[in-house]
1. Within the set of pairs 6+ apart or on separate chains, which have a first residue in region B:86-107 that is under 13 Å from A:Val147 (Cα atoms), a second that is crowded, with 24+ Cβ neighbours inside 10 Å and aromatic (Phe, Trp, Tyr), and C-beta atoms under 6 Å apart?
2. Does A:Ile167 satisfy the criteria of being crowded, with 24+ Cβ neighbours inside 10 Å, within 14 Å of chain B (Cβ to nearest Cβ) and of a type in the set (Val, Ile, Thr)?
3. Considering only residues that are surrounded by fewer than 15 Cβ atoms within 10 Å (Cβ to Cβ) and either among the polar types (S, T, N, Q) or modelled with pLDDT of 95 or more (or both), which ones fall in region B:4-21?
4. Can you give me the number of residues within region A:30-82 that are touching a residue at least 24 places away in the same chain (Cβ under 8 Å), outside any helix (DSSP H, G or I) and among the polar types (S, T, N, Q)?
5. It is to be established whether one or more residues within region A:193-202 are in contact (Cβ under 8 Å) with a residue 40 or more places away in the chain and part of a strand (DSSP E or B).
6. Among the listed residues A:Asn132, A:Asn218, identify the single one that is more than 16 Å from A:Thr261 (Cβ to Cβ), in contact with a helix residue (DSSP H, G or I) (Cβ under 7 Å, 6 or more places away or on another chain) and of a type outside the set (Lys, Arg).
7. Taking the condition of being within 9 Å of chain A (Cβ to nearest Cβ) and either more than 14 Å from the chain's Cα centre (by Cα) or surrounded by fewer than 22 Cβ atoms within 10 Å (Cβ to Cβ) (or both), how many residues in region B:145-159 meet it?
8. Looking only at residues that are touching a Lys or Arg at 6+ places or on another chain (Cβ under 9 Å) and more than 8 Å from chain A (Cβ to nearest Cβ) in region B:76-106, which one is surrounded by the fewest Cβ atoms within 10 Å (Cβ to Cβ)?
There are 2 protein chains.
Amino acid sequence: MDKQKLYVVKIGGDLIDKEKDLADFLEKFTTIKAMKVLVHGGGKLASDLAGKLNIPQQMLEGRRVTDQETLNIVTMVYAGKINKNIVAKLQNVDCNAIGFSGADGNLIKSERRAVSNVDYGFVGDVDSKSVNVDLLQKFLELKLTPVFSAITHDQKGDLLNTNADSIASVLAQALSENYDVELLYCFDKDGVLEDVDKPDSMVKTLSFAKYEQLRSENKLHQGILPKLKNAFTAKENNVNKVVLLNETKLQNQINHQNEGTEIIL
Amino acid sequence: MDKQKLYVVKIGGDLIDKEKDLADFLEKFTTIKAMKVLVHGGGKLASDLAGKLNIPQQMLEGRRVTDQETLNIVTMVYAGKINKNIVAKLQNVDCNAIGFSGADGNLIKSERRAVSNVDYGFVGDVDSKSVNVDLLQKFLELKLTPVFSAITHDQKGDLLNTNADSIASVLAQALSENYDVELLYCFDKDGVLEDVDKPDSMVKTLSFAKYEQLRSENKLHQGILPKLKNAFTAKENNVNKVVLLNETKLQNQINHQNEGTEIIL
């Protein structure tokens, strides 16, 4: 394959909440010699700040209902505190990181979610066409390492809260046109369990048929379903390799030891 | 002069606090056809958030003593909420804005202020060598409009709170090597008053000798002294034009109507 290798690495709130573990992770992340993009969530810190400010939070199917005050909170926490601290820490270990929201350089434009039964407020949805891949590629060619927070914009002046797993997926899809992309969903489990009640039931590969079967049998953890949906969408849209793995195993994965659960079609 | 024209425009907290006025200002800012860089402060919103979170704030000679909790606040407010909202609003009026802290792309590295009589905490000082002008120029060549918040980093992993007037000054100085830079300090006064008690005493030009004289006679407003110091440093370091003007007069200035007070040597 002629395309250059590129990793899209997604990390979640569980890691971001632990300062020492995050620092360890970032040090390993910098050892990736190939081009790389980092995507982070950060849910718990946003909930903590909302609590301190007495702004009630409503979660629906794992998604945060985002009124104006909550949008301010997630913008401050995701695009401000978490994003800039990650960038500063990566700069300290000689990785020329650069932090973005989707508004910056119009890198990720989203559609505000239509009101149906639920009004999610300032929440945006993305697909692979949302990504300004030309500009992103110019940054990669400048040897920069983009770090994306889960805030996008509608290009009508509003910021929108967006699912970080979805952002990782659409970035991987859009970049696959010109790069050999490996999308790594890092989290606090070793991979996908065939049976949520059996910790040693991790599957090495997960096909869509198998996923549908496990889901119909209610064997999958509810929390992993949106992540898997994004993982399959990426794989269906030409992302070369998609893996869900433990964040502590990143280095093994980079060294081709095939950690976690690989998504297959 | 062969160099391309470039504006460095600084806006302060008084403007940022007024949503409608800020939107008006940003619309005028986008009419600048030349290359442009925006720098913003945002002090009052940070103090508001600190108040709501019961984190006491200490100001010394107009500078915020920045402990770890206060650093989190200014990072959230300056690099998160204010920066990303400005970028989203500029995107809405067809300006391809991109928001930065100094940590992003190592664009502005600062020195943590040494502890003398006072420990300012996480406060960083900058000079023209702090600016990664090569990378900044690449962004300008990509037709991007950089928007800088007043957060920098020490490249040792820490973010540092930095004076926004100083950031505007050092950006203007660093960019003057390759551009014909006009540095505009926009604020809520028409310019520098020869006598703070006489509103109609604005001076059209202010030389360093005149500044020293007015200062020794205690005729200048205390709040304008750090801004003037940064303005003179810029002018002394080859910035072609340095002006302090009313933020409502930006468009006149761009149309060469010579608003405000111009700094001369």
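The values are calculated or read from the model by the stated rules, or taken from the named source; none is laboratory data. Note that the structure is predicted; figures quoted are calculated from it, not measured. Here the Cβ is made from the backbone with ideal geometry for all residues, glycine too, and neighbour counts use every protein chain on show.
1. From residues that are under 13 Å from A:Val147 (Cα atoms), the pairs are B:Phe100/B:Phe148.
2. no
3. B:Gln4
4. Final tally of qualifying residues: 2.
5. Scanning region A:193-202 turns up at least one residue that is in contact (Cβ under 8 Å) with a residue 40 or more places away in the chain and part of a strand (DSSP E or B).
6. Sole residue among the options that is more than 16 Å from A:Thr261 (Cβ to Cβ), in contact with a helix residue (DSSP H, G or I) (Cβ under 7 Å, 6 or more places away or on another chain) and of a type outside the set (Lys, Arg): A:Asn132.
7. Counting residues in region B:145-159 that are within 9 Å of chain A (Cβ to nearest Cβ) and either more than 14 Å from the chain's Cα centre (by Cα) or surrounded by fewer than 22 Cβ atoms within 10 Å (Cβ to Cβ) (or both) gives 7.
8. Filtering first and then ranking leaves B:Cys95.
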